[in-house]
Every structure is written in structure tokens, then in C-alpha cells.
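Structure first, commentary second.
The values are calculated or read from the model by the stated rules, or taken from the named source; none is laboratory data. Treat the numbers as computed from the prediction; the structure is a model and nothing was measured. Backbone-built Cβ (ideal geometry, glycine too); neighbour counts: all protein chains shown. Areas reflect the complete protein model, heavy atoms only, side chains present, ligands, DNA and RNA absent. Shrake-Rupley method; radii C 1.70, N 1.55, O 1.52, S 1.80 Å.
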Amino acid sequence: MGSERSVRIAMTDGVELAATLFLPNTPEPQPCLLEALPYRKDDLTSSYAEGYRVLRDEHSYAVCRVDLRGTGSSAGDATDEYPLVERSDLGTVIAWLAEQEWCDGNVGMFGTSYSGFNALQIAAERPPALKAIVAIYASDDRWNDDVHWRGNALRLVDLVDYCHYMTPMCVLPPVPAEWPTPNGQSWRDEWQRRWETNAPWLLTWLRENRDGPYWHAGSLRRLGYDRVQCPTMIVAGWADGYRNNTFRTVEGLGAAGTPWRLLAGPWAHADPATAIPGPRIDLDHEMVAWWDRWLRGTASEEWTDRADVFVRTSTVPEPDLEEQGGHWVSGPWPPVDPGVATYDLAGPHSLDVEPDVGTSAWIDCAGHLPWGLSGDQRDDDAHSLTWEWDAQPTLVGQPQVRLRVSASAPAASLSVKLCDVFPDGTSALVTRGSLDLAFRGGSTPEPLVPGEEYDVTLLLDACAYRPDPGHRLRLSVAGSDWPNTIAPPAPVSLTVHGGSVELPLWNDSGVEPPSFRSGADSSSEDPADVTWSVTRDVLRRTTTCTVRSVASYDTPHEGTALEEYRGEVGVDRRTFAQWATAETTFRLTWPGVEVLVLSTLRVDIGPDGYEVAIETDAFDGAKQVGRRRWRETVGR
């Protein structure tokens, strides 16, 4: 067994970051693996430590987990996600790790979601000691493929999840046992300072409602794939929201001569060993093989870049699907002599937009319940324009749809879905895309001229799919993808005058399919303390989606944690007025200490913009020690 200890690492400006080191019991120095997150290593994500211990004890890697600046038990200010100073900080951390006597000078970086993002960002900075990364469920494009905006429209249901819970999380205190009282400042003094200086990140994300420098700063797609020179492994899931950081990223890395591997499975935004849907695999085994090659140089054969891709096949959809049918393929990317199947879409066809079409697909980034998988699409399809054809292609890549459209009002949206239709009528979502038509020409919005026809091109999300024989493919077009993104601001009719869809086909590479160590027999999802409901109020003509989840667990330093999340999004089916409300509770205890932080959010969405109200309160035992209120109107 190895050792475990807390350290504080000084940044160039004197701010100290809190880190935990998991060091193997080996006679020689070993490579070190770094994960850096804002999610509080010593309580809210203390369970991650078990994975670090596996890497230490079974594979003899040193592991370092860091609380990012201003979060958890680190000093400084948590001003935003992925700020520029974060890159400087992590460059300093990597250099510090490489210089330690227990490290052989080689550092790898890894992580899921946030820590996958910053692994890509830090790799683009080229710190000398960083020799390989593994980015899991990450994005190379923060504007188009993150949880804030999609097709230039605000992601609605994400407001009541991550976008809100980061507000109370960033004003929680440092863990008392991990705070060294620098300059005589107690953990309570630091807590008070955070309360007085922190502002909700969500306000920044709403203000930054155009693609531009703010979003480009953390997007490898904009920075340039050639900035990354260390070997890069990308892990993606077809039920995850970051699936487009797959084929285009590895193609860019390959063009730059950077060694890469893509592993794209059926999973949601969770560990492939326990995620829905299966088949589940042991990802640790794949990551260790990657690091052994590039950090330890253990492989004797020459490396060949490859995409290991799970091709989904027809499976009846369920919101908590345990097992997805399909098979693995492997080969280069781009494929050699790829094929394309093109289908024409006859028109004109029109529909009156219903603002709540999309609930069958729920959310773009599935994860842990209540953020589950897409269900049967036939109800949404019934309120959309549809085209069908017989086809059983193996499609791998990003389908492209070209449409000639017009609308009856200056504001309208497009939602396009490709579905697999079973003989009994079941409709399973294959891939989707959406667009606020004001942005049909780029990042500068321009109102539609009612009745005027426009040519529009949409790239649908990356996918790998083969329908069963006897099934049909269906393309559906609606005027909303709600509550995944906001609906148009007012009633509108939409007409599709014609178009086409191009499906990228997989050309069998002749490469042996990959095999994996199996993960868990069943997923880790437990619906016991979860609410996920869709309600249509007949008399009020409203549709609401409601979620709630609760978790409680023990934490280090004889502590406990309780997290509770409640959220609701709604739309008026007559006026198209929309809203989102959320309530997040964090309760943390240590011997003699009880901390409670409550935060609520309301966003009202109208034709001109967003009315935002956030209220956050803090309690130290029975005493209220903090109250903050934010009110802001953000224009569209």
C-alpha cells in the first residue's frame, strides 16, 4: 500500500492550491497523473480518491488531485470556469510535480468533463513535463458543444443543473482540517471573504450570448489542434453531450502529427465501468495502457493511431436503459474511401410550431438520473414534419442536413432529428441538431423576413449507428427542441420547401475490433431519491419538467455531506413565455461544525431577454452568516 498526504503548492502570485498526493510504495520514482477540478476533493467528490488509490496501488502511478483556485480548500478567487489564470496555475503544478523526488519527471493529465476540458487546454500550453493526456467527455468547442448554448440558443434545462449549482458550491468554505490559517486567517475568515467577493458564473455565461473571444479562449477547436503535441486519448459517449469532440478532434490531431486514440462507446456522462447504457468497460485498464506507453515507454511496437467506436444497433429506448445493442469497430480516422448516402427531402411542408416539442429527447447531455436517456420519439415526431426511407447503412460521423426554409415571423428555430423507426412504430433517436435561425449566417444575428426562403445547413451530432433489417430511417423537423434549448420567443409557423440529408458511411477498415475488460454487470443508477416528470396542464396550457435528487454520504475528517437539487422548467404553449427555477442545498458537517448553504434561481425568458434572480444564504450552525442577492436583465 502506498501513502496519502495533503500538500499546498504555491503559485507564481503566492496563492496556494490545496492538493492531495497518492504516492506508490516503490523504490524508484514513478510518473505522476494529475486531475484538477473545482468540485471539492475533500468532501463533495471525496469518493474519487478510491480511483486514485487503484492507480497507485495496482499500477504504481503517483496521483495528484488539486482543488482549483478559489474552490474547496485552495486559496484565491473562483472567478469563472477555465479562466486564463487556471492554465498558468496548472503549468506551475505540473512543473512542481515533475521536480519531486518521488516523480520521474513525467506527468500525465486526465479527467472527466471539467478536468477533461482543462487537460486539453493545458496540453495546448505545452508544459515540458506533460507527456500524455486522457480527456474523457470533454469539448474542443465551448460555444457549440458545452452546457450553455447549442445552435446559438440557450440551453434551458441545463440552467437548473450545473449552471446553478456552481453558485453555492463556489461559496462553500474550505475544509477546516485542510485550511492552514495563512496570515492568521481562519477557515471562517476565508468563508466570509468568498461570500463578499464571489459572483455567480451563470451571469457571465448569459452575458456572453454570442460566439466570440470569451468562448474561443478555452476551445481547442479555435486555438488550433496543432497546439497539442503530447499524445492524446479522447474518450466519448454517444449518450453524452460532448460527443462532437470525437472525429474532428482526432482528425485535427492526426493532421498535426500528434499521436491519438479515440474510444467512443454508448455511455452517458459517467464512468464507462458503471454508466448507462452498457456494455460497460474497465476504462482504467485502457488509460493505464496509454500512460504505460507514453509515460513509461513500455511498448515495443510502433504506435498506430486508431478510432475504437461502438456502433449502436436498434434497441428499444428507455430513460434508464441498461444495455445498448451494438458492436465495436476499429480503424483510422478519417476512414479510407468513406462513403456518403444522400436522400432528398421533398417539399413544401408546413407546421405551426409547438413550443414543447422535444420532451421525448429531454436533455442533450445525459448523465446520472434525473439526467437520463432519450425515450421513444414517436410523440415528438407526430408534432414534426417527417420524411422516411428504407435503409440499413452503418453510419459513422456527423450527418449533414440541407434545408430551404421560411417562417411566418422574424424569430424561429430548427430542430432536426434522425431516428430509427421500428416495425411497430417505436422511434429511437440516432442523432440531432438545432439552430436559432437568426444565426443562419454566422455569429451575428439577423431577423428573418417573414415568408422569405433561406438555405440552411446543419451538422447533426457525431454518431455511430446501424438500424436493423426491416427498419426505416426518419428525419423529423420541428420548430423547437424543448427543454434542451429554449423555444422561439413567440408563436411562429415553419415551412420546409425541400432539402437533402447526407449520411457518412463506415467503410470496413479490416482492422480487428477492440476487446475490453468488462465493467460492472449493472449500472450505478438508483432512482430511489430521484424525481423526473413532465406535466401538461390542460387548462393553463403550460408544460413543465420537474427534477429532484438527494444524496448523503460520509466524507474525510469525520465529516458528512448532503446534496439536494430541485429544478423546474416551463413553457406557456400559447404565448411561448418560458422560465426556469432551481433550488440547491449543500449541508457539510465536521466535528463541532455544521455548514449549510441554500441557493435559488429563477430565470424568466421573454422576447427581449432574460430576467435573472439568484438568492443565496449561508448558515454556520443555527446562525445565518451570509446573504447575497443578484438581479439582472440580460438582453438576447
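Key figures for this structure:
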item: Members of segment 462-495 that are open to solvent by 10 Å² or more (accessible area, probe 1.4 Å) and within 15 Å of residue 396 (Cα to Cα); result: 466
item: Segment 310-348, residues that are at pLDDT 95 or above, more than 22 Å from residue 275 (Cα to Cα), surrounded by fewer than 20 Cβ atoms within 10 Å (Cβ to Cβ) and of a type in the set (A, V, I, L, M, F, W, C); result: 340, 341, 346
item: Test: residue in segment 527-534 that is open to solvent by 20 Å² or more (accessible area, probe 1.4 Å), touching a residue at least 12 places away in the same chain (Cβ under 8 Å), more than 25 Å from the chain's Cα centre (by Cα) and closer than 16 Å to residue 356 by Cβ; result: no
item: Residue ID - surrounded by the fewest Cβ atoms within 10 Å (Cβ to Cβ), chosen from residues in segment 496-526 that are outside any strand (DSSP E or B) and polar (S, T, N, Q); result: 515
item: Filter result for residue 152 (open to solvent by 10 Å² or more (accessible area, probe 1.4 Å) and either in contact with a helix residue (DSSP H, G or I) (Cβ under 9 Å, 6 or more places away or on another chain) or among the acidic types (Asp, Glu) (or both)); result: yes
item: Any chance residue 517 is among the basic types (Lys, Arg), touching a residue at least 24 places away in the same chain (Cβ under 8 Å) and touching a Cys at 6+ places or on another chain (Cβ under 6 Å); result: no
item: Among the candidates 333, 328, 303, residue that is within 21 Å of residue 505 (Cβ to Cβ), part of a loop (DSSP other than H, G, I, E, B), out of contact with any Cys (no Cβ under 9 Å at 6 or more places or on another chain) and not β-branched (Val, Ile, Thr); result: 333
item: Scan of segment 452-482 for residues that are under 17 Å from residue 380 (Cα atoms) and in contact with a Lys or Arg (Cβ under 9 Å, 6 or more places away or on another chain), ordered by number; result: 474, 475, 476, 477, 478, 481
item: Subset tally (residues that are of a type in the set (A, V, I, L, M, F, W, C) and either open to solvent by 20 Å² or more (accessible area, probe 1.4 Å) or not in a strand (DSSP E or B) (or both)) for segment 591-624; result: 6
item: Of the criteria (1) among the hydroxyl-bearing types (Ser, Thr, Tyr); (2) in contact with a helix residue (DSSP H, G or I) (Cβ under 8 Å, 6 or more places away or on another chain); (3) under 24 Å from residue 309 (Cβ atoms), which one residue 515 fails; result: (2)
item: Residue, surrounded by the most Cβ atoms within 10 Å (Cβ to Cβ), within segment 418-457, restricted to residues that are of a type in the set (Ser, Thr, Tyr) and either in contact with a Cys (Cβ under 8 Å, 6 or more places away or on another chain) or part of a helix (DSSP H, G or I) (or both); result: 427
item: Search result, residues across segment 554-590 that are farther than 30 Å from residue 488 by Cα, part of a strand (DSSP E or B), among the acidic types (Asp, Glu) and without any contact (Cβ under 8 Å) to a residue 40 or more places away in the chain; result: 554, 564
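Residue-wise test of (1) at positive phi; (2) under 25 Å from the mean Cα position of the chain (by Cα).
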{"position": "445", "(1), (2)": "no, no"}
{"position": "449", "(1), (2)": "no, no"}
{"position": "458", "(1), (2)": "no, yes"}
{"position": "464", "(1), (2)": "no, yes"}
{"position": "468", "(1), (2)": "no, no"}
{"position": "479", "(1), (2)": "no, yes"}
{"position": "482", "(1), (2)": "no, yes"}
{"position": "489", "(1), (2)": "no, no"}
{"position": "498", "(1), (2)": "yes, no"}
